[in-house]
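The structure that follows is given in the form of structure tokens.
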Amino acid sequence: MRAYALLIDADAAAAMARYAEAQVTLEQLTREFPDLPVAASAMKLLAWTYSRQGRDSLAVATEERLLTRFGASGSRES
């Protein structure tokens, strides 16, 4: 699925410290696939990329959004 391919690409970019590139892809993922479990993984990685760039308040806000959106679902996938 395209969403997982985008997540893998973003993960690779983040691993190479290309945070801005990863951020763009992850933000796109969360917009285009908000209801898929892949969005939870994208939001986790997005929060991490924000924190690596020193954008801690944005990282915390992203984690809060993640918990609000997926925390109550009880889904193991997210």
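The values are calculated or read from the model by the stated rules, or taken from the named source; none is laboratory data. Predicted, not measured: the structure shown is a model, and the values here were computed from it. Cβ placement follows ideal geometry from the backbone for every residue including glycine, while neighbour counts extend to all protein chains displayed. Side chains included, ligands, DNA and RNA excluded: accessible areas come from the protein's heavy atoms. Shrake-Rupley method; radii C 1.70, N 1.55, O 1.52, S 1.80 Å.
If I take every Cα pair under 8 Å that is 6 or more residues apart in the chain, average their sequence separation and divide by the length, what percent do I get for the relative contact order?
25
Could you size up the charge dipole of the chain around its Cα centre, putting +1 on the beta carbon of Lys and Arg and -1 on that of Asp and Glu, and report it in debye to the nearest 20?
I would put it at about 40 debye.
Highest mean first, how do 12-22, 45-55 rank when packing is the count of other Cβ atoms within 10 Å averaged over residues?
45-55, 12-22
Run the numbers for Tyr4 and Asp56: contour at 0.36 nm per residue of separation, minus the present Cα-Cα distance, in nm.
That works out to 16.1 nm of additional length.
Still on this model: Considering the alpha-carbon set of the range 1-61 alone, what are its Rg and its Dmax in angstrom?
Both quantities, over Cα of the range 1-61: 10.5, 32 Å.
With a 1.4 Å probe and all protein chains left in place, how much accessible area per residue does the chain have, in Å²?
For the chain, the per-residue accessible area is 61 Å².
Also, quick follow-up: What are the ³J(HN,Hα) values, in whole Hz, obtained from phi via the Karplus relation 6.51 cos²θ - 1.76 cosθ + 1.60 with θ = phi - 60°, for each residue of the range 53-64 in sequence order, with x given for Gly and Pro?
Rounded to whole hertz, the list is 8, x, 9, 4, 5, 5, 4, 5, 4, 5, 4, 5.
Could you give the length gained by full extension between Arg69 and Glu32, i.e. 0.36 nm per residue of separation minus their alpha carbon distance, to one decimal place?
My answer for the length gained is 11.8 nm.
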